[in-house]
C-alpha cells in the first residue's frame, strides 16, 4: 500500500493516474514527477517497490509543490480575502453561485435550489382539497 502526502493511492491504477489522487497534482505534474524520479508511468501502484515509493515521496516533498492541506488553506484564504473586501466574486462565492460568468437562468439549478424532478405534460390544473 503506497501512502504519499497523507493519501493512500489506489492499488490497481497506473502510478501516473494514482498520483492524481493527491490534491494539487494533475496530469502534467504527475508526468514530471515520474520523469524526475525515473519510475515508469505504466507501472501499477501495487507493483512499486518500497524504494520507488520512497523516491516518489521525497520528490513530492522536496519538489516545493503546494499540495493537500496547504493548498486547500491557500485557496480558502484567497476566497476569504475576496469575501472580506466585498468584491463581486466574493459575493458570488458567499452565495454559492457560479463565479466565472456562467449563466444561471437555465443552468446551475441545483445550486439555486430550483430543482425540477419530473417533467409535467400539458397544463397544470388547480385542484381543491
Quiz item: Among the residues of the stretch 4-38, how many are in contact with a strand residue (DSSP E or B) (Cβ under 7 Å, 6 or more places away or on another chain) and free of Cβ contacts under 8 Å to residues at least 24 places away in the same chain?
Solution: 1
Exercise. Check whether at least one residue in the stretch 59-67 is over 30 Å from residue 6 (Cβ atoms) and out of contact with any strand residue (DSSP E or B) (no Cβ under 7 Å at 6 or more places or on another chain), and report yes or no.
Key: no
Practice problem: Residues being surrounded by fewer than 16 Cβ atoms within 10 Å (Cβ to Cβ) and part of a loop (DSSP other than H, G, I, E, B): count how many of those fall in the stretch 11-35. | Solution: 4
Quiz prompt | Selection from the stretch 36-81 of residues that are more than 16 Å from the chain's Cα centre (by Cα), part of a loop (DSSP other than H, G, I, E, B) and surrounded by fewer than 17 Cβ atoms within 10 Å (Cβ to Cβ) | solution = 38, 40, 41, 42, 43, 49, 63, 64
Exercise. Starting from residues that are assigned to a helix (DSSP H, G or I) and closer than 30 Å to residue 6 by Cα, keep the ones in the stretch 84-111 and report whichever is nearest to the chain's Cα centre (by Cα).
Key: 93
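We did not get these values from a lab; they are worked out from the coordinates using the rules stated. No experiment lies behind these values; they were computed from the predicted model shown. Glycine also receives a Cβ, built like all others from the backbone with ideal geometry; neighbour counts cover every protein chain displayed.
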